[in-house]
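The next block holds one structure in the form of structure tokens; read it before the comments.
The values are calculated or read from the model by the stated rules, or taken from the named source; none is laboratory data. Here the structure is a predicted model, which is why all the values come from computation and not from measurement. Note that we place each Cβ from the backbone using ideal geometry, even for glycine, and neighbour counts take in every protein chain shown.
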Amino acid sequence: MEASTRNRWISIYQVDAFTSETFKGNPAAVCILRNRLNDTLLKSIAAEMNLSETAFVKPLENVPLKEAKTFSLRWFTPEIEVSLCGHATLATAAILFREVGINEEQIRFKTKSGVVTATKDKKGISLDFPSDNPIMIDPPKSLLKALGISEFKKIKYGEHTKKLLIHMVSGEDVYNLKPNYELMKSATTKKPIKGVIVTAGGSPPYDFVSRFFAPWVGINEDPVTGAAHTVLAPYWSKLLNKRQMLAYQASKRGGELAVRLKPNSRVDLIGEAVIVLKGELHV
């Protein structure tokens, strides 16, 4: 193979995040870049992968890959770039630690949401993310109708993540919810909404359960959503008077993660990941 052709191949992986079981949790694609690619190509790759997120990671130090400590990291849905994604960050860290063989205990990622870190943890990998303490908001009636929700305990809004949090009456209500995604996209709201979290108290061993919907960005229901837990963690911490909790996201695939609220408006998202596919992408 000619050198010019070899330069057109990108290492790519698929990882199931926030699970210890293959084909559970949330699948993400991870592309390791050696050179900068234009946004049009990144969007095309994400659309081709057709997963809720594709992560693009690139070392920021001029050292062998396995010696790098700091990386740029971007995330794309099949339709748009997002500013924060937990499961694709976990997937990326799993690839760098396990496949690339980085020996450091911690990796730094420079992202559109600032610097986030991934650290080896006895329970898997711990992600240090900014938390988003939700505020009270008037119920968006047309959106509630599209979701099929008539009864709820509280509605709050994460101003940084633009996520709406709806505290349902029971866990059964969370499991049984059947939104109308087309109606959701046409619903009118006073504040911009990029995703809807429905949540309720959990049954042991889980402190709370949730589901997450984001048809506006091409994801009707996300299997396990790290970024949603940056809103859920401070919300449930106040209700339960706990700083460390175990959460379950009740999608069809299902997945779990531990959350640990920290000072300075930060939260640790701790989970496992399973590498299910690796190969080369021809662009």
message: Residues that are part of a strand (DSSP E or B) and either free of Cβ contacts under 8 Å to residues at least 60 places away in the same chain or on the phi > 0 side of the Ramachandran plot (or both): does region 126-135 have at least one?
response: yes
- request: Go through (1) under 24 Å from residue 255 (Cα atoms); (2) under 24 Å from the mean Cα position of the chain (by Cα) and name the single condition residue 185 misses.
  value: (1)
message: One residue is enough: does region 194-205 have a residue meeting the conditions in a loop (DSSP other than H, G, I, E, B), of a type outside the set (S, T, N, Q), within 17 Å of residue 134 (Cβ to Cβ) and outside the structural domain of residue 15 (by TED's automatic domain parsing)?
response: yes
message: Going residue by residue through region 233-243, is there one that turns out to be of a type in the set (D, E, K, R) and without any contact (Cβ under 8 Å) to a residue 24 or more places away in the chain?
response: yes
field: Qualifying positions in region 90-126 - under 25 Å from residue 214 (Cα atoms) and in contact with a Gly (Cβ under 7 Å, 6 or more places away or on another chain)
entry: 90
message: If I filter region 266-278 for residues that are more than 30 Å from residue 33 (Cβ to Cβ) and buried (at least 23 other Cβ atoms within 10 Å of the Cβ), do I get at least one hit?
response: no
- prompt: Going by the structure shown, is residue 185 out of contact with any strand residue (DSSP E or B) (no Cβ under 7 Å at 6 or more places or on another chain), over 16 Å from residue 137 (Cα atoms), without any contact (Cβ under 8 Å) to a residue 24 or more places away in the chain and in a helix (DSSP H, G or I)?
  reply: no
task: Assess whether residue 26 counts as being free of Cβ contacts under 8 Å to residues at least 60 places away in the same chain and polar (S, T, N, Q).
output: no
